[in-house]
Amino acid sequence: MDLYEAMRCAPTSRRFSTEPVPPEMLARALEAARFAPSGGNRQGWRVVAVQDPELRRKLGEMYLPHWRAYLRTLGMDKVLEDPGADPVIRRRIEGADLYARSLGDVPLHLVVGVRMEDLAVTDADLPRRSIVGGASIYPFVQNLLLGLRAEGLGAAMTTLLVPAEEAVRELLGIPQEVILAAHIGVGRRSEEWPRSLSRRPVSDFAFSDRWGQPLQEA
């Protein structure tokens, strides 16, 4: 699959068939994803591929309360209860809610962690929330998502399992020095792939030399 094509049509997939994910597909996606950049080339990412039905069920149980809290925090629970809500927004939230409630049925769960000692958090002392630590793990996650797309597999990446880190660590035997970074549900997508995703134009977010100066678009 052409790289640009994959980038334009790799949506979050929330509806999957029950067909198991062939191990060779996952192996190829991980083989490609490992070439992601990381600070000092420390390659701190670690992945637990969970296919056992009971473990998947337990991960789903851990995920659900944090999804519900997320719904309430953003007021999205009210959209689900409002029959007059915007149908496009309502349909999007319903899809995510169905995914959360049926997470245990998703054929493959990828629990992605990173070794704390491999992170260089250069913004730790700034008077705002730190985001820089993710620079050494999320390029790998994005590579993995694109690799899965190239294999024809759907995927949904979230961070809503992270608040349950200690319980997940105990369930999967993850050592203390590894922290959770992402959870990816993977499987055969049960809906057609879109030709292209809807996104804002480049002019909305990219500037030339100074903020506000338009950058020429392709």
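The values are calculated or read from the model by the stated rules, or taken from the named source; none is laboratory data. This is a predicted model, so every value here is computed, not measured. Quick reminder, even Gly has a Cβ in these numbers, built from the backbone with ideal geometry, and neighbours come from all protein chains shown.
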Test: residue in the stretch 55-64 that is charged (D, E, K, R), part of a helix (DSSP H, G or I) and touching a residue at least 60 places away in the same chain (Cβ under 8 Å): yes
Matching residues, the stretch 50-64, being crowded, with 16+ Cβ neighbours inside 10 Å and not aliphatic (A, V, I, L, M): 56, 58, 60, 63
Long-range neighbours under 6 Å by Cβ, at least six apart or interchain, first residue without any contact (Cβ under 8 Å) to a residue 60 or more places away in the chain and more than 17 Å from residue 180 (Cβ to Cβ) within the stretch 131-153, second in a loop (DSSP other than H, G, I, E, B) and among the hydroxyl-bearing types (Ser, Thr, Tyr): 132/122
Residue selected from the stretch 65-106 under the condition modelled with pLDDT of 95 or more and outside any helix (DSSP H, G or I), by the criterion surrounded by the fewest Cβ atoms within 10 Å (Cβ to Cβ): 102
Given (1) β-branched (Val, Ile, Thr); (2) closer than 22 Å to residue 33 by Cα; (3) assigned to a loop (DSSP other than H, G, I, E, B), number of the condition residue 121 does not satisfy: (2)
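Looking for something of a type in the set (Gly, Ala, Ser) and assigned to a loop (DSSP other than H, G, I, E, B) - is there at least one such residue anywhere in the stretch 155-168? Full working, then the answer.
At the first step, the residues of the stretch 155-168 found to be of a type in the set (Gly, Ala, Ser) are 155-156, 164, 167.
Those left that are additionally assigned to a loop (DSSP other than H, G, I, E, B): none.
The answer is no, given that none of the residues of the stretch 155-168 is of a type in the set (Gly, Ala, Ser) and assigned to a loop (DSSP other than H, G, I, E, B).
Return the residue satisfying two criteria in turn: it lies in the stretch 155-194 and is of a type outside the set (A, V, I, L, M) and touching an Asp or Glu at 6+ places or on another chain (Cβ under 8 Å), and of such residues it is farthest from residue 121 (Cα to Cα).
First, the residues of the stretch 155-194 that are of a type outside the set (A, V, I, L, M): 158-159, 163, 165-166, 169-170, 173, 175-177, 183, 185, 187-194.
Now restrict to residues that are touching an Asp or Glu at 6+ places or on another chain (Cβ under 8 Å): 177, 187-188.
Working: 177: 16, 187: 33, 188: 36 Å.
That would be 188.
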The stretch 65-102, subset in contact (Cβ under 8 Å) with a residue 12 or more places away in the chain and of a type in the set (Ser, Thr, Tyr), residue nearest to residue 180 (Cα to Cα): 70
Some residue of the stretch 195-203 being under 25 Å from residue 7 (Cβ atoms), touching a residue at least 40 places away in the same chain (Cβ under 8 Å), small (Gly, Ala, Ser) and surrounded by fewer than 12 Cβ atoms within 10 Å (Cβ to Cβ): yes
The stretch 154-182, subset surrounded by fewer than 18 Cβ atoms within 10 Å (Cβ to Cβ) and of a type in the set (Val, Ile, Thr), residue nearest to residue 6 (Cα to Cα): 159
Candidates 17, 13, 102, filtered to the one that is within 16 Å of the chain's Cα centre (by Cα) and of a type outside the set (A, V, I, L, M, F, W, C): 13
When residues of the stretch 32-78 are limited to those that are of a type outside the set (Lys, Arg) and in contact with a His (Cβ under 9 Å, 6 or more places away or on another chain), the one nearest to residue 173 (Cα to Cα): 48
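Say we look at the stretch 7-49 and pick out the residues that are more than 22 Å from residue 134 (Cβ to Cβ) and of a type in the set (A, V, I, L, M); which of these is surrounded by the fewest Cβ atoms within 10 Å (Cβ to Cβ)? Before you say what the answer is, go through the steps one by one.
From the stretch 7-49, those more than 22 Å from residue 134 (Cβ to Cβ) are 8-9, 13-28, 31; that's our starting set.
Among the residues that remain, those that are also of a type in the set (A, V, I, L, M) are: 21, 25-27.
Details: 21: 21, 25: 18, 26: 21, 27: 12.
Restricting to residues being more than 22 Å from residue 134 (Cβ to Cβ) and of a type in the set (A, V, I, L, M), the top hit is 27.
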